[in-house]
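The structure appears below as structure tokens.
The values are calculated or read from the model by the stated rules, or taken from the named source; none is laboratory data. None of these values were measured; they are calculated from a predicted model. Cβ: placed from backbone, ideal geometry, glycine included. Neighbour counts: every protein chain shown. For the accessible areas, the whole protein counts, side chains as well, though only heavy atoms, and no ligand, DNA or RNA atoms are used. Shrake-Rupley method; radii C 1.70, N 1.55, O 1.52, S 1.80 Å.
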Amino acid sequence: MDYFGSSLVEWEFQEYEKFPKHKKWFFGLGAIAGFFLIIAVFTFNFLFALIIILATLILMLHYNRDPLIVKFTITDLGIIMGDNFMPYKDLNRFWVVYDPPIVKKLYFQRKSGMYPTLIIPLQDINPLYVRDILLKNLKEDLTQEDESFAELVGRLLKL
């Protein structure tokens with residue numbers, strides 16, 4: 001661990017939140033997929049039909065897979081997520097969205113625009129402690145107060 005710096009705080013979380021789904025959810029997914037599939041066939045848009053079938057299969061396979069446990073560590077030189085180390089120099093800013101019990105997340109924006117925002121569930125970690133550690137090396141974005149629209153929709157639709 002010394003190569004990546006001294007560990008300041010660490011915790012584990014599931015790589016994604018797995019929501020329990022009832023038969024109604026699967027029936028709704030099938031109905032929506034069937035509706036779009038019928039439209040695709042009647043408009044002779046077979047590529048769209050293939051995309052609908054593949055998307056439905058991916059959602060079904062994803063549901064049957066259990067999320068992996070990811071270890072996250074904040075060190076004095078950067079952050080470690082799983083086996084990946086990101087030095088502070090590669091990170092642009094961070095922010096915390098904390099509205100328990102619904103939202104408790106830590107966000108990192110990387111300097112390279114090619115990567116998406118890194119979203120880390122805080123679990124039961126004190127957000128003020130994490131914030132104090134990160135402020136020594138990163139700028140905090142105080143304009144970000146809520147989770148993104150995509151996260152909100154995903155949580156509401158239990159995706």
Worksheet entry | Given (1) on the phi < 0 side of the Ramachandran plot; (2) in contact (Cβ under 8 Å) with a residue 12 or more places away in the chain; (3) surrounded by 12 or more Cβ atoms within 10 Å (Cβ to Cβ), number of the condition ILE69 does not satisfy | (3)
Fill in: Lone unmet requirement of (1) under 19 Å from LEU152 (Cα atoms); (2) hydrophobic (A, V, I, L, M, F, W, C); (3) open to solvent by less than 50 Å² (accessible area, probe 1.4 Å) for ILE102
(3)
Worksheet, complete the sentence: Taking segment 112-130 and keeping only residues that are touching a residue at least 60 places away in the same chain (Cβ under 8 Å), more than 17 Å from the chain's Cα centre (by Cα) and open to solvent by less than 50 Å² (accessible area, probe 1.4 Å), one is left with ILE125, VAL130
Worksheet item: Could you list, in sequence order, the residues of segment 1-29 that are loosely packed, with under 12 Cβ neighbours inside 10 Å and outside any loop (DSSP other than H, G, I, E, B)?
Response: ASP2, TYR3, GLU12, LYS23, LYS24, PHE27
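Residues are listed down the side, and each one gets a yes or a no for (1) open to solvent by less than 70 Å² (accessible area, probe 1.4 Å); (2) under 22 Å from the mean Cα position of the chain (by Cα):
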| position | (1), (2) |
| --- | --- |
| ALA31 | yes, no |
| THR75 | yes, yes |
| ILE80 | yes, yes |
| ARG110 | yes, yes |
| ASP132 | no, no |
Item to complete: Assess whether TYR98 counts as being among the hydroxyl-bearing types (Ser, Thr, Tyr) and in contact with a Lys or Arg (Cβ under 9 Å, 6 or more places away or on another chain).
Response: yes
Worksheet item: Within segment 33-63, can you find the residues that are open to solvent by 70 Å² or more (accessible area, probe 1.4 Å), under 26 Å from the mean Cα position of the chain (by Cα) and farther than 26 Å from LEU118 by Cα?
Response: ILE51, ILE53, LEU54, LEU57
Worksheet item: Filtering segment 134-146 down to residues that are among the hydrophobic types (A, V, I, L, M, F, W, C) and more than 21 Å from VAL70 (Cβ to Cβ), which residue is least open to solvent (accessible area, probe 1.4 Å)?
Response: LEU135
